[in-house]
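The values are calculated or read from the model by the stated rules, or taken from the named source; none is laboratory data. Predicted, not measured: the structure shown is a model, and the values here were computed from it. A quick note on method: Cβ atoms are made from the backbone with ideal geometry, for glycine too, and the neighbour counts reach across all protein chains shown. Surface areas here come from the heavy atoms of the whole protein model, side chains and all, with no ligands, DNA or RNA. Shrake-Rupley method; radii C 1.70, N 1.55, O 1.52, S 1.80 Å.
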Amino acid sequence: GAGVSQSPSNKVTEKGKDVELRCDPISGHTALYWYRQSLGQGLEFLIYFQGNSAPDKSGLPSDRFSAERTGGSVSTLTIQRTQQEDSAVYLCASSRNTNPGHKGFEQYFGPGTRLTVT
Amino acid sequence: EDQVTQSPEALRLQEGESSSLNCSYTVSGLRGLFWYRQDPGKGPEFLFTLYSAGEEKEKERLKATLTKKESFLHITAPKPEDSATYLCAVRYFSGGYNKLIFGAGTRLAVHP
């Protein structure tokens, strides 16, 4: 079946511009996550959505970052007034649920969006 | 401090030379440990979930094990196509919230 998709695959933007990154999760997955991965670094958690619950925004690095999830499916990560340090690969993942110890928590990742801020 | 540490950072093996990757964690309230494989330019690919000490999972040349403080990913007779970065992640309960931390990964290179 279809996996997690992300668009665009690459985005080059000028410092100070706003960007929107899109994620389409696997159909039927209730949980959606955004991560950031800088070159040679591990995954940095940004935000996650679970069904209709309030999202966990604890990983967002600044108020320039925000995310929405419409209709419990597609999500958009928005970065306002981009800075050079925002350059990274932004990864989206989805899972069937987030209940601890329950099956189906494993996350399935999209291919990522490589963001370059010049 | 809650932490996940992977070692070594990089590992070079000859084809057929078995070895192990380590993922140690210092969290309490473990709710699951996950192994992923990541190829260059791609998102991580799920491999295994382990939930309790003593649990083992196998897939082809890979075997994951879990103790109360660490997990090992054993690679038996690796092939060049096993070259990738291997990530582990730990799910735990803290302060009333479920949290997930990824390690920095081990870059594995298998040479013919």
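One quarter of the convex hull surface, Cα atoms only: what value does that give for the protein assembly as shown in nm²?
Working: hull surface 50.9 nm².
Taking the Cα atoms of the protein assembly as shown, their convex hull projects to 12.7 nm² on average.
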Q) Using a Cα distance threshold of under 15 Å, what count of lysine pairs results for the protein assembly as shown when pairs must be 8 or more residues apart or interchain? A) 4
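In what sequence, largest accessible area first, do A:Arg22, B:Arg107, B:Arg91, B:Arg12 appear using a 1.4 Å probe?
Values: A:Arg22 105, B:Arg107 135, B:Arg91 5, B:Arg12 160 Å².
Highest to lowest solvent-accessible surface, that is B:Arg12, B:Arg107, A:Arg22, B:Arg91.
How charged is the neighbourhood of B:Glu70? Take every other residue with its Cβ under 14 Å from the Cβ of B:Glu70, and add Lys/Arg as +1 and Asp/Glu as -1.
On the way: positive: B:Lys68, B:Lys69; negative: B:Glu55, B:Glu56.
Cβ neighbours under 14 Å give a net charge of 0.
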Q. To the nearest 10 Å², what's A:Tyr108's accessible area with a 1.4 Å probe?
A. 90
Q. Can you pull the Kirkwood radius for the stretch B:1-62, inverse mean 1/r over Cα pairs, to one decimal in Å?
A. 13.9
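Restricting things to alpha carbons, find the Rg to Rh ratio for chain B using the Kirkwood radius for Rh.
Across chain B, the Cα-based Rg/Rh ratio is 0.98.
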Q: Express in Å², to the nearest 10, the accessible area of A:Ser38 obtained by rolling a 1.4 Å probe over the protein heavy atoms while all chains stay in place.
A: 40
Q | Once the Cα gyration tensor of chain A is diagonalised, semi-axes √(5λ) in Å | A | 24, 14, 13
Q: Using DSSP to define loop residues, name the GluC sites (Glu not before Pro) in the stretch B:22-112 whose beta-carbon has at most 11 other beta-carbon atoms within 10 Å.
A: B:Glu60
